[in-house]
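Participant: Pasting a structure below so you can have a look.
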Amino acid sequence: LPSPIPCSLAQPLTPELLVSPSSQDGDLGSECPEDRGNWTGRLDFLLSCIGYCVGLGNVWRFPYRAYTNGGGAFLVPYFIMLAICGIPIFFMELSLGQFSSLGPLAVWKISPLFKGVGMGTILIVSLVAIYYNMIIAYVLFYLFASLTSDLPWQHCGNWWNTDLCLDHHVIKAGNTTFPVNITNTVSPSEEYWSRYVLHIQGSSGIGDPGRIRWNLCLCLLLSWTIVYLCILKGVKSSGKVVYFTATFPYLILVMLLIRGVTLEGAWKGIRFYLTPQFDHLLSSKVWIEAALQIFYSLGVGFGGLLTFASYNTFHQNIYRDTFIVTLGNAITSILAGFAIFSVLGYMSQELGVPVNQVAKAGPGLAFVVYPQAMTMLPLSPFWSFLFFFMLLTLGLDSQFAFMETIVTAVTDEFPYYLRPKKASFSAVICIALFLMGLILTTEGGMYWLVLLDDYSAGFGLMVVVITTCLVVTRVYGMKRFCRDIHMMLGFKPGPYFRACWMVLSPATMMALLVYNIVKYQPSEYGSYRFPTWAEVLGILMGVLSCLMIPVGMVVAVLREEGTLWERVQQASRPAMDWGPSLEENRTGMYVASLAGSQSPKPLMVHMRKYGGITSYENTAIEVDREMEEEEEEESM
């Protein structure tokens, strides 16, 4: 029974035959699984969601996407896609988690036929957690490298540099004394990244990983240790850490922004970033890019939102929280763009090249371009340390969410055995993912990281989100889902949410999925093209998460009895114990459907507990009356 049952209620009715095998002394209390726990502070949930959504992508993907897709004009499709795709699916995930108090696997009691969707989610999150922590390891590497008076990527002349290396001090001097040909040259920061940090020259490609880089391996071990210590006690510990990791990046971002806009030439970068090119809006690519940015930035489909919401109290106002987090995330992305492009504008002026020649996305921005820009500033180690510390805090709370999702999903499936041993189980997961990530610390590790980044959460994740949306609205039923939200929040979702859930969100996702398949491009890293076997391996990663859905269906159908159609019908209906986890919150059709339930009317439990009727009990009475009227109409 994954749902926590009040032990005082469950104990008297537990027959001796049902005592769990671990209880040798016949203590009936052992039938009640250990309590799941809840957030301990009022802001824990909100800050965890903000920390989860505001990640590395806000800094290294959004600004670049904006400038390549019409500058300021990109904000039009961005906010439209946020309204159509982002906010409604975000709210749906939070509602499912909070209503059931279950993780991304056990929540499929809503329709056991589709439990494979949960299995697909866990597979995707596990693959993402492996490489995401490697990026945090790179950040730690640069963070330690910044603890010096002279940044190691500031000048040429080190053992890892080649004859092509040319630093900006020479270029700056050349602007006044003699012309310097900068074509076919490489910056010191680029050689530091590729030849020293990655040591990529020791690998000929993805099939030849080379040796393990022990300094990277130790950074990866440290990042997994930090993650483990922060999720050691589940949401009770991670919920406190996010007070720092979710808020501190904003302080650093503001500092970098103020420093950036006061630099000479900053306006060049900002103008480049925000100049609207409205002709781009006629291109379908821009709208797809906006939807993709929303989709990955909010982290829908990864199970993190559902997991965090499952630790809420039943009546937490997630409607308000949805708008705070989604709009806060969008504003952060735009702010980060100013911080990044103001520095890139200064850099382009220093180098005497156009902004588009220095602008990059992804790891290239974080580990090559921005570190190079830092060397041009006074007190460069200080600004470099701040930048990488910001990236560390941005990355860590997203990683907490991935780990909490995996651990919660599995412990909710086996609450009797795993919940009391949650700390040990978390350690096992962290060690397993660390060992799987060791290939990323080799000389050819970057090729594997690119492969994982391109395929682990591609079309597989979209299939998972589309299926979730369709199951909730079509199989479970829009009317019933809205009634559940009414019971939980005291009001029904309006026409905007219903229209998005029924038509707009699934249709947009389907368009995204089709676009991704039609416009498929093989992976590449710089000038390196991946071999066919690597492409096939990547595609299989995506397909495997989709295959979990039919596998889950077969298992669910085999567990039922009757003809094939009867089995399918039975497996698609909600499980008997689906609904709010606490008996006092179960009204209407959810009354007395928990095992060991003694109370025929949860309303009475409420009244005994609170000594009267509150607004939520009024809502419960309303929902019950509404259902009775519907039943009468159907019988007539």
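Participant: Restricting the first residue to the range 348-366 and requiring it to be touching a residue at least 12 places away in the same chain (Cβ under 8 Å) and open to solvent by less than 20 Å² (accessible area, probe 1.4 Å), which pairs with a second residue that is outside any loop (DSSP other than H, G, I, E, B) and aromatic (Phe, Trp, Tyr) meet a Cβ separation below 7 Å and a spacing of at least six or different chains?
Facilitator: What qualifies is 355/272; 359/64; 359/67; 362/60; 365/60; 365/64; 366/60.
Participant: So which residues in the range 367-404 are more than 19 Å from residue 147 (Cβ to Cβ) and among the aromatic types (Phe, Trp, Tyr), if there are any at all?
Facilitator: 400, 402
Participant: Return the residues of the range 255-278 that are assigned to a helix (DSSP H, G or I) and either free of Cβ contacts under 8 Å to residues at least 24 places away in the same chain or open to solvent by 80 Å² or more (accessible area, probe 1.4 Å) (or both); say none if nothing qualifies.
Facilitator: Within the range 255-278, 258, 267, 271, 278 meet the criteria.
Participant: Which residues, counting only those in the range 477-532, are modelled with pLDDT under 90 and of a type in the set (S, T, N, Q)?
Facilitator: 516, 521, 523, 527
Participant: Further, regarding this structure: Test residue 361 against the stated conditions and say whether it is among the aliphatic types (A, V, I, L, M), outside any helix (DSSP H, G or I) and either over 19 Å from the mean Cα position of the chain (by Cα) or at pLDDT below 90 (or both).
Facilitator: Considered against the rule, which asks whether it is among the aliphatic types (A, V, I, L, M), outside any helix (DSSP H, G or I) and either over 19 Å from the mean Cα position of the chain (by Cα) or at pLDDT below 90 (or both), residue 361 comes out as yes.
Participant: One residue is enough: does the range 329-344 have a residue meeting the conditions over 18 Å from the mean Cα position of the chain (by Cα), assigned to a helix (DSSP H, G or I), among the β-branched types (Val, Ile, Thr) and crowded, with 22+ Cβ neighbours inside 10 Å?
Facilitator: Among the residues of the range 329-344, at least one is over 18 Å from the mean Cα position of the chain (by Cα), assigned to a helix (DSSP H, G or I), among the β-branched types (Val, Ile, Thr) and crowded, with 22+ Cβ neighbours inside 10 Å, which makes the answer yes.
Participant: For the range 220-245, what are the residues that are more than 30 Å from residue 439 (Cα to Cα) and either open to solvent by 60 Å² or more (accessible area, probe 1.4 Å) or not in a helix (DSSP H, G or I) (or both)?
Facilitator: 236, 240, 243, 244
Participant: In addition: How many residues, within the range 367-401, are of a type in the set (Phe, Trp, Tyr), under 30 Å from residue 308 (Cα atoms) and open to solvent by less than 10 Å² (accessible area, probe 1.4 Å)? Step through it out loud before you land on a result.
Facilitator: Here is the first cut: in the range 367-401, the residues of a type in the set (Phe, Trp, Tyr) are 367, 370, 382-383, 385, 387-389, 400.
Right, trim to under 30 Å from residue 308 (Cα atoms) and you get 387-389, 400.
Now narrow it down to the ones that are open to solvent by less than 10 Å² (accessible area, probe 1.4 Å): 387-388, 400.
Looking only at that region, the number is 3.
Participant: Can you name the residue in the range 412-429 that is in contact (Cβ under 8 Å) with a residue 40 or more places away in the chain and more than 17 Å from residue 227 (Cβ to Cβ) and, of all such residues, is nearest to the chain's Cα centre (by Cα)? Break it down into steps so the answer makes sense when it comes.
Facilitator: Pass one, the range 412-429, residues in contact (Cβ under 8 Å) with a residue 40 or more places away in the chain: 412-413, 415-417, 419-420, 422-423, 426-427.
Next cut, more than 17 Å from residue 227 (Cβ to Cβ) only: 412-413, 415-417, 419-420.
Values: 412: 20, 413: 22, 415: 24, 416: 28, 417: 28, 419: 24, 420: 26 Å.
Ranking the candidates gives 412 first.
Participant: Output the qualifying pairs, or none if there are none: Cβ atoms under 9 angstrom, residues six or more apart or on different chains, first residue in the range 555-584 and open to solvent by 30 Å² or more (accessible area, probe 1.4 Å) and at pLDDT 90 or above, second residue of a type in the set (Asp, Glu) and assigned to a loop (DSSP other than H, G, I, E, B).
Facilitator: If the second residue must be of a type in the set (Asp, Glu) and assigned to a loop (DSSP other than H, G, I, E, B), the pairs left are 566/560; 567/560; 567/561; 568/560; 569/560; 570/560; 570/561.
Participant: Please pick out the residue among 436, 446, 478 that is part of a helix (DSSP H, G or I) and buried (at least 19 other Cβ atoms within 10 Å of the Cβ).
Facilitator: Unique residue meeting the criteria: 446.
Participant: Kindly establish whether residue 468 is under 22 Å from residue 291 (Cβ atoms) and free of Cβ contacts under 8 Å to residues at least 40 places away in the same chain.
Facilitator: Working: under 22 Å from residue 291 (Cβ atoms): yes; free of Cβ contacts under 8 Å to residues at least 40 places away in the same chain: no.
In short, no.
Participant: Are there any pairs, at least 6 apart or on different chains, whose C-beta atoms fall under 8 Å, with the first in the range 520-547 and assigned to a loop (DSSP other than H, G, I, E, B) and the second among the polar types (S, T, N, Q), and if so, which?
Facilitator: 530/523
The values are calculated or read from the model by the stated rules, or taken from the named source; none is laboratory data. Keep in mind that what you see is a predicted model, and the values were worked out from it rather than measured. Positions of Cβ are generated from backbone atoms using ideal geometry, with glycine treated the same way; all protein chains shown enter the neighbour counts. Surface accessibility is based on the protein's heavy atoms, side chains included, excluding ligands, DNA and RNA. Shrake-Rupley method; radii C 1.70, N 1.55, O 1.52, S 1.80 Å.
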